[in-house]
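Engineer: I have a structure here, written as structure tokens, and I will follow up with some questions on it.
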Amino acid sequence: MTPMSDVQRVLSGIQPTGRFHWGNYFGAIRQYIALQDQYEAYYFIANLHALTTIRNAEELRRNTLDAAIDLLALGLDPDKAALFVHSDVPEVTELCWILMTGTPLGLLERCHAYKEKKAKGLTADAGLFTYPVLMAADILAYDSHLVPVGEDQVQHIEVTRDLARSFNHHFGETFTMPKAHVLDTSARVPGTDGEKMSKSYGNTIEIFEDPKSMRKKVMRIQTDSRPMEEPKDPQTDHLFQLYSLFASDSEREAMAATYRKGGFGYGMVKKSLADLAEAYFATARQRRAELAEDRDYVLGVLEEGTKKARAKAGDVLGRVRRACGVAWHA
Ligand code: ADP
Ligand code: TRP
């Protein structure tokens, strides 16, 4: 039986496949931080997922620690949220297997990460194909109610719900039904080329990018070649969308009015964006530098987070094992 309790849990995972970018921050990380105040929070660095793309041990190790430092620098508070590394909670991989036995292949064939790779004629491995099942295990292992993510992950949460529903149907109410939590205003942050910002498109600006190089990237954001004097619609402009992420309401309004009036250069918008972005992450940058010098502190946070996560995942796994009968001696 699912536990009857008032506690609401939030959970999310983020892959350490490279340094985090603005899309990761505004689409996901910012939500992690906002939600840790109201929920029992679990956040993890999804190194087992990253293994489907990173095939270099040193790089994966380095990225994993960097991801932890980044999240703490950005405001994840270890007193409020359990922060841990995916592979430190082996309960989840057993749960993944159990879920896998009830996963229809058709469900996975429809998932976009696999479909896109196949459409490009690339060979997909079983890791990529079954990735959504591991993600379902990640979510269900903590009785998660809410899963903050960017829009691209919503399909995986639907898969999670399907698998939970089907298990509950076969074996009795076992899993808590999770819900995706997507922010309307930043569900899809554009990259420097106007497409979705993503590591795989090479159009990212990193959160902790050196300010000079950040400025260079901002100045290279692609814009159209309409004449300066022409009025422009701010809503359809990706430069304006990026500017809006960092701007206050009044700054955004003023910039929108400038767009509608016309008679401005994109260079001015870019410079304002770079100034705002630099100021926005200045405190986190400072904090990051301090944390990078205090590896023991970071390792201690992860150890504590792991304890909390394993306790919860162990409880849920016990419930699952009893429900489906693999706890044969019970
Ligand atoms: P990437 O596409 O760069 O590899 P990930 O897939 O690792 O990024 O995404 C980590 C988290 O950040 C996910 O919750 C994802 O939905 C969110 N995210 C990534 N890119 C964006 C974006 N451009 N806009 C909004 N959210 C994003
Ligand atoms: N698949 C997610 C991504 O690429 C990362 C992830 C793994 C995740 N497990 C999760 C997100 C569980 C939310 C919940 O961004």
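Engineer: What does the charge add up to near K216, with Lys and Arg as +1, Asp and Glu as -1, over the other residues with Cβ less than 11 Å from its Cβ?
Structural biologist: +3
Engineer: Helix-only estimate, please: 222 nm mean residue ellipticity of the chain, summing -39500 (n - 2.57) across DSSP H runs of length 4 or more and dividing by its residues, to the nearest 500. Before the final figure, lay out the partial values.
Structural biologist: Numbers: 14 runs with 171 residues, N = 330.
Only helices count here, giving -16000 deg cm²/dmol.
Engineer: With Cβ to Cβ distances under 12 Å as the rule, what net charge do the other residues near I157 carry (K, R +1; D, E -1)? Spell out each step's value before the answer.
Structural biologist: On the way: positive: R161, K179; negative: D138, E151, D152, E158, D162.
Once all neighbours under 12 Å are counted, the net charge is -3.
Engineer: Once neighbouring chains are kept in place and the probe is 1.4 Å, which whole percent of the accessible area of the chain is contributed by carbon and sulfur?
Structural biologist: Carbon and sulfur: 52 percent of the exposed surface of the chain.
Engineer: Also: Which entries of K199/K307; K196/K217; K196/K270; K120/K196 have Cα-Cα distances beyond 20 Å here?
Structural biologist: K199/K307
Engineer: Something else about it: Going Cα to Cα from K115, which aspartates and glutamates come in below 18 Å? Please leave out same-chain ones fewer than 8 positions away.
Structural biologist: D125, E151, D152, E158
Engineer: With +1 on each Lys and Arg Cβ and -1 on each Asp and Glu Cβ, and nothing else charged, work out how big the dipole of the chain is about its Cα centre, in Debye to the nearest 20.
Structural biologist: Magnitude of the dipole: close to 640 debye.
Engineer: Related question: Rounded if a/c is under 1.5, else prolate if a/b beats b/c, else oblate: with a ≥ b ≥ c from the C-alpha gyration tensor eigenvalues square-rooted, which is segment 209-280?
Structural biologist: Note, shape of segment 209-280 comes out oblate.
Engineer: Near K212, which aspartates and glutamates are there with a Cα under 13 Å away, not counting those fewer than 8 places off in the same chain?
Structural biologist: D275, E278
Engineer: Taking the Cα centre of each part, how many Å lie between segment 284-330 and segment 16-32?
Structural biologist: Taking the Cα centre of segment 16-32 as reference, the centre of segment 284-330 is 20 Å away.
Engineer: Here is a further query. Heavy-atom accessible area per residue, the chain, 1.4 Å probe: how many Å²?
Structural biologist: Per residue, the chain has 49 Å² of solvent-accessible surface.
Engineer: Please compute the net charge surrounding E40, taking Lys and Arg as +1 and Asp and Glu as -1 over other residues with Cβ under 10 Å from its Cβ. Before the final figure, lay out the partial values.
Structural biologist: Numbers: positive: R9, K80, K308, K312; negative: D143.
So the environment of E40 carries a net charge of +3.
Engineer: Counting only C-alpha contacts under 8 Å and six or more residues apart, can you give the relative contact order of the chain as a whole percent?
Structural biologist: 23
The values are calculated or read from the model by the stated rules, or taken from the named source; none is laboratory data. This one's a predicted model, so the numbers in the text were calculated from it and none came from an experiment. Reconstructed Cβ throughout: ideal geometry from the backbone, glycine too, with neighbour counts over all protein chains shown. Only protein heavy atoms, including side chains, enter the accessible area calculation; ligands, DNA and RNA are left aside. Shrake-Rupley method; radii C 1.70, N 1.55, O 1.52, S 1.80 Å.
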